[in-house]
Amino acid sequence: MAALALGLGAGCGRPYVAPLQPPPLREQVAASYETTWRALLSALAKENVPLRVVAKDSGVIASDNFATPIGAYADCGRVGDASLEGEALVNFTVFVQSAGANGTEVQINAKMRTQAHRKGSSGKLRPDPVYPCVSTGRWESNLVDAVRHLVRQ
């Protein structure tokens, strides 16, 4: 009887619906590798992004995890009909390489997960369970726009 009751109770839980993962952002900046690299570091410093790795020779910049409101840079899906709200931990890896006379190629990969969330706008924030999140694309687009602006200066 207990197993039957447990099985029936589990069937009533709301399913988690994960958002679709977008591809990494790939853009070209019409400037040399050196100019783009300096502009990228300046843009990240202005955003106060905590950096874990800065490797100019290989063209890699990786951020540490930082918290952001769910919905700003991270889409964490929904449980049933209610969207997840709260905070997400996000980190980004930026790859930079020269494209010769065409400028510089920039690729930004994102990795995100919930830190503290709730279903909808009611209830208190909980750390568990941890749900995977995907990028909304805003942070990446804003970063590339800032780099292009700094390159023109």
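Can you find a residue that is under 28 Å from LYS46 (Cα atoms) and basic (Lys, Arg) anywhere in segment 103-125? Among the residues of segment 103-125, at least one is under 28 Å from LYS46 (Cα atoms) and basic (Lys, Arg), which makes the answer yes. Of ALA146, ALA110, all but one fail to be open to solvent by less than 50 Å² (accessible area, probe 1.4 Å), among the aliphatic types (A, V, I, L, M) and within 18 Å of THR68 (Cα to Cα); the exception is ALA110.
Which members of segment 65-94 meet the condition of being of a type in the set (Gly, Ala, Ser), open to solvent by less than 30 Å² (accessible area, probe 1.4 Å) and under 21 Å from PRO24 (Cβ atoms)? Once the filter is applied, which keeps residues that are of a type in the set (Gly, Ala, Ser), open to solvent by less than 30 Å² (accessible area, probe 1.4 Å) and under 21 Å from PRO24 (Cβ atoms), segment 65-94 yields ALA74, GLY77, ALA88.
Beta carbons closer than 9 Å, at least 6 apart along the sequence or on distinct chains, pair a first residue in segment 41-52 that is farther than 15 Å from ASP64 by Cβ with a second that is part of a helix (DSSP H, G or I) and among the β-branched types (Val, Ile, Thr) for SER42/VAL147; ALA43/VAL144; ALA43/VAL147. For segment 1-50, the set of residues classified as modelled with pLDDT of 95 or more, exposed (fewer than 14 other Cβ atoms within 10 Å of the Cβ) and aliphatic (A, V, I, L, M) consists of ALA30, ALA45, listed by residue number. For segment 86-113, taking the residues that are touching a Lys or Arg at 6+ places or on another chain (Cβ under 6 Å) and of a type outside the set (A, V, I, L, M, F, W, C), the one that is modelled with the highest pLDDT is identified as GLN107.
The values are calculated or read from the model by the stated rules, or taken from the named source; none is laboratory data. Fair warning: this is a prediction, and the values are worked out from it, not measured in the lab. In this analysis, Cβ positions are derived from the backbone assuming ideal geometry, glycine residues included, and neighbour counts consider all displayed protein chains. Only protein heavy atoms, including side chains, enter the accessible area calculation; ligands, DNA and RNA are left aside. Shrake-Rupley method; radii C 1.70, N 1.55, O 1.52, S 1.80 Å.
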